[in-house]
Each structure stands twice: as C-alpha cells, then as structure tokens.
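Here is the structure we will look at.
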Amino acid sequence: MADVTTIKPLNRDEEAFLRALGRVITLLPRVVDGDMLEEHPISGTEYMVLVHLSEA
C-alpha cells in the first residue's frame, strides 16, 4: 500500500475524468427522475420506497 507522502497528483486526463464522473453522478438521478415523471406520475424517491416495500 502506498504511503500518503508518495501519492502522485492526478494528471490532466485523470482530473478531467474525475470531473466528468462527478457531473454524471450529480445529473443522472435528476435526469432519470424527470424521465420517470414524464412517463408515470411517480418520482424516483416514491419508486424506491415501493421497491423497498415490495422486497420486505
């Protein structure tokens, strides 16, 4: 395992990837929720509640 003092900083490509991944992680739930609301009158939160209740 690498020592904290030997960790190299991210290069330009790695940093760009992490920034893009952060945007995807932030925006994807919003997009899916909006798509669900257009198709059916249920939000992502309500759907997840129903999933957990059906599994219980």
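The values are calculated or read from the model by the stated rules, or taken from the named source; none is laboratory data. Note that the structure is a prediction, hence the values are computed from the model and not measured. Glycine also receives a Cβ, built like all others from the backbone with ideal geometry; neighbour counts cover every protein chain displayed. Remember, those area values only see protein heavy atoms, side chains included, never the ligands or the DNA or RNA. Shrake-Rupley method; radii C 1.70, N 1.55, O 1.52, S 1.80 Å.
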key: Distance between modelled label sites at V51 and L18, nm, 7 Å Cα→Cβ extension   = 2.8 nm
37 °C / 0.692 mPa s Stokes-Einstein diffusion coefficient of the chain, Kirkwood radius on C-alpha pairs, µm²/s = 225 µm²/s
ask   = In degrees, nearest 10, range 0 to 90: what is the angle between the Cα axis of helix 44-55 and the longest Cα principal axis of the chain?
value = 80 degrees
inquiry  = Quick check on the chain: helices-only [θ] at 222 nm, where DSSP H runs of length 4 and up contribute -39,500 (n - 2.57) each and the sum goes over total residues. Nearest 500, please.
reply    = -24500 deg cm²/dmol
request  = Select from L28, T45, N11 the residue farthest towards the positive end of the dipole of the chain; place +1 on Cβ of Lys and Arg, -1 on Cβ of Asp and Glu, and compute about the Cα centre.
outcome  = N11
task = Round to the nearest 10 and give me the degree value, 0 to 90, for the angle of helix 12-39's Cα axis relative to the longest principal axis of the chain.
result = 0 degrees
ask   = Taking the mean number of other Cβ atoms within 10 Å as a proxy for protection, how do you rank 8-18, 41-51 from highest to lowest?
value = 41-51, 8-18
query = Accessible area per residue of the chain at 1.4 Å probe, in Å²?
reply = 96 Å²
